[in-house]
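Below is one structure, written out as structure tokens; the observations come after it.
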Amino acid sequence: MTDNGGMKEPVILDQHALIQHHLGIVRDRRTEPWRFRNSIRQLAGLLAAHATRDLKIREETIQTPLTTCNVRRLADRIGLVPILRAGIPMVDPLLELIPEAEVWHLGLYRDEATAKPVPYYNKLPAGSPVDLALVLDPMLATGGSASMACQSMIEWGVAETRVLAVIAAPEGIEKLTTAFPAVSVYACCVDECLNDRKFIVPGLGDAGDRVFNTL
């Protein structure tokens, strides 16, 4: 993640062979829901490997079966913040990597008439914010939901926020990084644009509907 005059450039992972493979699966309209969910999970895991590579660590001495050994462990409290409902399948891959992570849900739905996010669920606890929040959403389209989530993290008192998205639109990245230049964005790919209905093109359809088979 590079810093451009205080604004962090997004990390795009579209050259990774496994990411290209699973993107091909989730884009295909013929892909069954179970296979779609599986590929979203795989993409989330690949994203997580990159988005967590520079987490803060601390050193400690432990006892192996043979001798003592200096090891390194994660130093910060980490929160996973899936945007309901499409962000749910991205949680487990990160919990497998970071079992100690906390999970805090944000409920946002898109008003189809205005393409703006509408909040309906927020149970972030008062006080005691995590050190790092990883906001999870398969699609960064207009940037409205991600921006609302990042604002919630600021109001909670989170020191650092990173947004993980499977696909993103240029418009969404611009909106998010302009409004929140300190936020790091990780995406598997950046698509062409938003259409007149504010859907990502070529995109993958409605991620929530495809994950939960509610088309």
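Where a ≥ b ≥ c are the square roots of the eigenvalues of the C-alpha gyration tensor, would you call segment 20-141 rounded, which needs a/c under 1.5, or, failing that, prolate if a/b is larger than b/c, or oblate? Each step should come with its number before you reach the end.
Values: a/c = 3.10, a/b = 1.53, b/c = 2.02.
Because a/c hits 1.5 or more and a/b fails to exceed b/c, segment 20-141 counts as oblate.
The helix-based estimate of mean residue ellipticity at 222 nm for the chain, built from -39,500 (n - 2.57) per DSSP H run of four or more residues and divided by its residue count, is -9500 deg cm²/dmol to the nearest 500.
The heavy atoms of Lys56 offer some 130 square angstrom of accessible surface to a 1.4 angstrom probe.
Once you keep just the Cα pairs under 8 angstrom separated by 6 or more residues, what percentage relative contact order results for segment 107-215? Kindly include the intermediate steps, with their values, before the conclusion.
Numbers: 182 pairs, mean separation 24.7, N = 109.
Across segment 107-215, relative contact order equals 23 percent.
Put simply, the convex hull of the Cα atoms in segment 112-164 casts, on average, a shadow of 3.9 nm². Evaluating 6.51 cos²θ - 1.76 cosθ + 1.60 at θ = phi - 60° for every residue in segment 12-17, the Karplus couplings come out as 10, 10, 6, 8, 6, 4 Hz, glycine and proline recorded as x.
Near Glu100: Cβ cut-off under 15 Å, other residues only, Lys/Arg at +1 and Asp/Glu at -1. The net charge is -1.
In this structure the chain gives 52 Å² per residue of accessible area when probed at 1.4 Å with all protein chains present.
Relative contact order of the chain: what whole-number percent is it, with Cα pairs under 8 angstrom and at least 6 residues apart?
Across the chain, relative contact order equals 23 percent.
Scan the chain and hand back the longest stretch that contains none of the GluC sites (Glu not before Pro) lying in DSSP loops with at most 11 other Cβ atoms within 10 Å. Result for the longest clean stretch: 1-99. Rounded to the nearest 20, the Cβ-based charge dipole of the chain about its Cα centre (Lys and Arg +1, Asp and Glu -1) stands at 360 debye. For Rg and Dmax of the Cα atoms in Å, the choices are [x] 23.7, 80; [y] 16.4, 52; [z] 17.6, 65; which was calculated from the structure? Computed from the coordinates, Rg and Dmax of the Cα atoms in Å corresponds to [z]. Between 0 and 90 degrees, the angle of helix 33-51 with respect to the longest Cα principal axis of the chain falls at about 50 degrees.
In terms of its C-alpha gyration tensor, segment 85-189 has a rounded overall shape, because the principal axis ratio a/c (a ≥ b ≥ c, square roots of the eigenvalues) stays below 1.5. Please list, by residue number, everything in segment 185-215 whose backbone N is under 18 Å from a paramagnetic label point 7 Å out along Cα→Cβ of Glu9. It comes to 185-191, nothing else. Relative to the longest principal axis of the Cα atoms of the chain, the long axis of helix 170-179 makes an angle of roughly 50 degrees.
The fraction of accessible area contributed by carbon and sulfur in the chain is 52 percent, rounded to a whole number (1.4 Å probe; ligands and nucleic acids excluded).
Placing a label point 7 Å from the Cα of Glu32 along the Cα-to-Cβ direction, the residues of segment 72-91 whose backbone N falls under 20 Å of that point are 89. Close amide H partners of Tyr109, meaning residues 5 or more places away or on another chain with modelled amide H under 5 Å apart, are Val118, Tyr120.
The values are calculated or read from the model by the stated rules, or taken from the named source; none is laboratory data. Computed from a predicted structure; not experimentally measured. Cβ atoms come from the backbone with ideal geometry, glycine included; neighbour counts cover every protein chain shown. When the accessible area is computed, the model is the full protein with side chains, heavy atoms only, and any ligands, DNA or RNA have been set aside. Shrake-Rupley method; radii C 1.70, N 1.55, O 1.52, S 1.80 Å.
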